[in-house]
Amino acid sequence: ASSEALGRIVVEGSINLMYLTVLGDASTIVGFFQAWVDAHEKKLQDWKLEVSTSDSSSEICAMIDVRQATLEIYKEFIESLKRDSGISASDKPYIWRQKLFERFDRLGRRTDYYESYHRLSGSSHISGEDTMNWLMSIKVDGAAQQKMGAEAWAYSTMMTRIAAMFFVESIAACLITHGRTDNDDLTSLRYDLADVVEKISRAAGVPQVDG
């Protein structure tokens with residue numbers, strides 16, 4: 001489960017980097033930062049409202065106020081980026097897609113969302129699938145448990161390799177955007193990763209369809 005959770009972080013980070021590099025500009029990175037500040041500020045406001053009638057309201061609200069004051073540092077950092085890059089208020093709304101699926105979509109990678117990222121979400125969210133698999137495993141004999149464990153190991157290995165493919169692609173996107181023309185090394189690495197993913201797919205439980 002830990003490898004899948006880490007893989008999910010790598011895939012999401014890689015997609016964010018590709019989105020910013022391939023489709024974005026200065027206003028996009030500002031929008032990326034501003035989206036976090038806005039969301040965090042709203043959570044703090046909601047939290048303060050939630051505890052406003054509690055007995056310890058004054059102490060909790062005081063701590064929330066400290067965190068809200070810290071946000072001003074981030075806001076000033078964003079304003080400095082806007083000044084340095086010449087982004088004016090008239091450039092809003094910034095082109096940053098809040099939903100990860102929309103970023104996959106804009107990159108033309110909707111299928112990757114379903115094939116890779118969605119599958120990685122189960123372990124990090126401790127989904128019903130993982131829980132049911134564990135409950136079913138305790139009712140079978142040792143040989144079946146060993147088979148299930150071997151498939152789980154292969155699956156984790158495969159998903160780790162898939163996450164590594166996303167990472168390589170994000171690095172390639174950055175280098176190509178900044179003028180690197182000879183990317184045979186990264187292309188070869190990407191093909192090698194795809195090859196080892198294919199080789200372990202059967203052991204990982206991927207349905208094999210004769211074509």
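The values are calculated or read from the model by the stated rules, or taken from the named source; none is laboratory data. Here the structure is a predicted model, which is why all the values come from computation and not from measurement. Quick reminder, even Gly has a Cβ in these numbers, built from the backbone with ideal geometry, and neighbours come from all protein chains shown. Just so you know, the surface numbers come from the protein's heavy atoms only, side chains and all, with ligands and any DNA or RNA stripped out. Shrake-Rupley method; radii C 1.70, N 1.55, O 1.52, S 1.80 Å.
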(request) Would you mind telling me which numbered condition in (1) in contact with a Gly (Cβ under 8 Å, 6 or more places away or on another chain); (2) open to solvent by 80 Å² or more (accessible area, probe 1.4 Å); (3) among the hydrophobic types (A, V, I, L, M, F, W, C) Ala154 fails? (result) (2)
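Got a number for residues in segment 161-195 being open to solvent by 40 Å² or more (accessible area, probe 1.4 Å) and farther than 22 Å from Glu12 by Cβ?
12
Among the candidates Glu79, Glu12, Glu72, single out the residue that is part of a helix (DSSP H, G or I), closer than 30 Å to Arg161 by Cβ and open to solvent by 50 Å² or more (accessible area, probe 1.4 Å).
When all the criteria are applied, what remains is Glu12.
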(request) List the number of the failed condition for Phe33; all other conditions in (1) open to solvent by less than 60 Å² (accessible area, probe 1.4 Å); (2) assigned to a helix (DSSP H, G or I); (3) in contact (Cβ under 8 Å) with a residue 40 or more places away in the chain hold. (result) (1)
(request) Tell me which residues, restricted to segment 126-148, are open to solvent by 80 Å² or more (accessible area, probe 1.4 Å) and either aliphatic (A, V, I, L, M) or within 13 Å of the chain's Cα centre (by Cα) (or both). (result) Ile126, Met132, Leu135, Met136, Ile138
